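Let me begin by presenting the structure, written as structure tokens, before commenting on it.
Taken together, the values in this text are just the output of simple stated rules run on the coordinates, not laboratory data. Note that the structure is a prediction, hence the values are computed from the model and not measured. As a convention, Cβ positions derive from the backbone with ideal geometry for all residues, glycine included, and neighbour counts pool all protein chains shown.
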Amino acid sequence: MGLSNWKTQLRKGLLDLCVLNFLASGEYYGYDLVQELKKIPALSIREGTVYPILARLEEDGLVISEVRPSDAGPPRKYFNITSEGRRAVQEMNEHWERIERAVKSFRANPPGGKR
Amino acid sequence: MNDETTIWQKLKAGYLRRVEAALATVYHPRKQEVLDDLSRHLELRFDELDPQQRTAARLEELVEEMGAPEEYADLLAPEGARRTGWPIPWRTVYRNPRWLALPAVIALLVVTAAQPGLTLPVFRALNVLLFMGVALALFIQYRRSRDNGLLWLAGALVVWPLLLMAIGWQSRSLIDRVAAGQKVWLWPFCLAARGEVSLGMVLVAVAYWQRFVTYVLLVVGIMKLKLSSESGERHLEGAQEPNA
């Protein structure tokens, strides 16, 4: 597996986590959410790629959406996290922290390595 | 409609078509929703541009910023939930009753095997049904993906068999003429009429020739198929990661 592929896979896995965490903090419409995610350079998110993620999360019952008319421009689709989504993101955050701690500890003390 | 708006509409439609093609092999109930969301997002991006910023180059850039269409398939339906082939996910069967046609065909085959008297007319009807099914499936997939490989497959599986049917009718009358000892001008039946080769050999040669054309069309079709999921993976491996 190439380094680029590894980064892509890691990034894809983390996108769900980031999207759900943003939605846990409040309601967003797609465009707004993209702008927030773009502030995390490591995710290197492209403008459109958030929509298939949101569609999948909505199909899984973690997110709900509603299209509302807008005074400025075309109608906007607002996304909210569901209670199931909140439970999922909490579990995901805990899992992420466990992994992060384990990797940090592993890297600091590699098995069989010189200390 | 001014020039910029026309250019924009073309760019937007082109991008959405590319995304639709990239998602052609994905079964997801919210596929159309993704396309609608993208369309809405693009409209929003266009609206927020000042009229003087709406140059062709900037509009192209705007579309590029949306990301590679190939990436959508993986994000919408990661490993397991995609592809049109087997195994068909139960959810898909439930939501698309047309998949029930397959067990129905298998059941019919079992019934006709148990009652040999029914076999001939039922198989004739099944052949027509399956032929129409193949033609319809190819048409639907082509409309979704605009994949030229499907046109070649349609040549092999739909157009060529229809031509063969017409050729078959003509051949039957030629065989009757040869058998009756009458003159035939059309090659290779004229060889049999002159007694240079047997009628059986002519029929075998014609059958091989017909099969040869079918295989050529199939091979070209398969080679030309875009196999979008594979190209998507290649894209993800090669491109991306501006920060890398």
Exercise. Among A:LYS7/A:LYS77; A:LYS12/B:LYS12; A:LYS12/B:LYS10; A:LYS39/A:LYS104, which pairs are too far apart, with a Cα-Cα distance over 27 Å?
Worked result: A:LYS7/A:LYS77; A:LYS12/B:LYS10
For this session: Please tell me the relative contact order of the range B:148-225 in percent, rounded to the nearest whole number, where contacts are Cα pairs under 8 Å and at least six residues apart.
Result: 53
Seminar exercise, completed: Counting only residues 5 or more apart in sequence or on a different chain, those whose built amide H sits under 5 Å from that of A:VAL63 are A:GLU58, A:THR82
Exercise. Between A:TYR78 and A:GLN35, what is the label-to-label distance in nm when each label sits 7 Å out along the Cα-to-Cβ direction?
Worked result: 1.6
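How long are the three semi-axes of the equivalent ellipsoid for the range B:148-225, computed from the Cα gyration tensor as the root of 5 times each eigenvalue, in whole Å, largest first?
On the way: eigenvalues 197, 29, 10 Å².
Those come to 31, 12, 7 Å.
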Exercise. How high is the relative contact order of chain A, in percent, counting Cα pairs under 8 Å that sit 6 or more residues apart?
Worked result: 25
Exercise. Can you give the mean number of other chain Cβ atoms that lie within 10 Å of the Cβ atoms in peptide A:61-67?
Worked result: 1
For this session: Could you list which residues have their amide H under 5 Å from that of A:TYR28, counting only those 5 or more apart in sequence or on another chain, with H placed in the peptide plane?
Result: A:PHE79
Exercise. Summing +1 for each Lys or Arg and -1 for each Asp or Glu, what net charge is found among the other residues whose Cβ lies under 14 Å from the Cβ of B:ALA57?
Worked result: -4
Exercise. Among the GluC sites (Glu not before Pro) within the range B:1-64, which fall in a DSSP loop and have no more than 12 other Cβ atoms within 10 Å of their own Cβ?
Worked result: B:GLU48
Seminar exercise, completed: The simple spin-label model distance between B:LEU49 and B:GLN32, using points 7 Å out along Cα→Cβ, in nm, is 2.9
Exercise. Contour minus end-to-end for A:GLN9 and A:ASP71, with contour as 0.36 nm per residue of separation and end-to-end as the Cα-Cα distance?
Worked result: 18.4 nm
Exercise. Under the definition of Cα pairs under 8 Å and six or more residues apart, what whole-number percent is the relative contact order of the range B:3-84?
Worked result: 54
